[in-house]
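Engineer: Before I ask anything, let me first share the structure, which is written out below as structure tokens.
The values are calculated or read from the model by the stated rules, or taken from the named source; none is laboratory data. Model, not experiment: these values are computed from the prediction. Don't worry about glycine lacking a Cβ; one is built from the backbone with ideal geometry, like all the others, and counts go over all protein chains shown.
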Amino acid sequence: MMAFFWSRKKLLFFAVLVLSAIIFVVSDHLARKYIPQPGFSIGAPFLLIDHHGRPISQTVFEGEPSLLFFGFTYCPEVCPTTLVDLTRLTEELSLEIPIYFVTLDPERDTPQQLADYLPYFTDRITGITGDIDAVLSLAKSWGIYRKKIPISNGDYTIDHTTTVFMLSETGNFAGTIAWQEDREIVKQKLIRLFSG
């Protein structure tokens, strides 16, 4: 009886092990199939305005590698932390990589609001804002999640994707930087991005 119990236990263990392996292989296959690979072109054409009030389009991403991040100036943690991290890392590596910050809150993030906010980090950040429908259309074309969350006093915050996109000198997708990704890994990614 005890031997039968142990054999059933071993059989169950091996069944779980095999099922886990199958799930891993399938999920890895799906990830490789659907996650864009470097060189893939994502993001729709756009015509918005920068934080100086000047027209800006997708052509700004061409000519040199750059970083693209979607956020908002009233963001309590993720956005300022991300901008500080990107600024420090690129400065440590002596890389003059332009950073583009597309607001997900164009109703509050006017060119003036962005112009007041961004210099606290570095002068290499260009803020992008404009008509809310055009901004949200751009965000959607990059697969950005955005949801307004009501808070006290009729105010709101925004839950959103925290990924930083790396773009090649042709403006194509060249990889991502995850929220709070290991600094040394990010440095290597930035070096590869800049070296082409």
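Engineer: Can you pull out every residue in the stretch 82-104 that is among the β-branched types (Val, Ile, Thr) and outside any loop (DSSP other than H, G, I, E, B)?
Structural biologist: Thr82, Val84, Thr87, Thr90, Ile99, Val102, Thr103 - these are the residues of the stretch 82-104 that are among the β-branched types (Val, Ile, Thr) and outside any loop (DSSP other than H, G, I, E, B).
Engineer: When the residues of the stretch 143-167 are filtered to those that are touching a Phe, Trp or Tyr at 6+ places or on another chain (Cβ under 9 Å) and outside any strand (DSSP E or B), which remaining residue is farthest from Leu68 (Cα to Cα)?
Structural biologist: Within the stretch 143-167, the match that is farthest from Leu68 (Cα to Cα) is Asp155.
Engineer: Which of the residues spanning the stretch 76-96 are buried (at least 20 other Cβ atoms within 10 Å of the Cβ) and at pLDDT below 95?
Structural biologist: Thr90
Engineer: Just to verify a result, which residue in the stretch 105-140, among those that are among the charged types (D, E, K, R) and either within 15 Å of Asp50 (Cβ to Cβ) or within 19 Å of the chain's Cα centre (by Cα) (or both), is surrounded by the most Cβ atoms within 10 Å (Cβ to Cβ)?
Structural biologist: Only one residue fits best here, namely Asp109.
Conditions tested, residue by residue: (1) more than 18 Å from Thr176 (Cβ to Cβ); (2) in contact with a Pro (Cβ under 6 Å, 6 or more places away or on another chain).
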position	(1), (2)
Glu92	yes, no
Thr103	yes, no
Ile132	yes, yes
Leu138	no, no
Thr161	no, no
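Engineer: Next up: Quick check on the stretch 61-77. Is at least one of its residues free of Cβ contacts under 8 Å to residues at least 24 places away in the same chain and under 25 Å from Lys147 (Cβ atoms)?
Structural biologist: Scanning the stretch 61-77, I find at least one residue that is free of Cβ contacts under 8 Å to residues at least 24 places away in the same chain and under 25 Å from Lys147 (Cβ atoms), so the answer is yes.
Engineer: Also: Is it the case that some residue within the stretch 47-63 is of a type in the set (Ser, Thr, Tyr), surrounded by 14 or more Cβ atoms within 10 Å (Cβ to Cβ) and at pLDDT 95 or above?
Structural biologist: No: the stretch 47-63 contains no residue that is of a type in the set (Ser, Thr, Tyr), surrounded by 14 or more Cβ atoms within 10 Å (Cβ to Cβ) and at pLDDT 95 or above.
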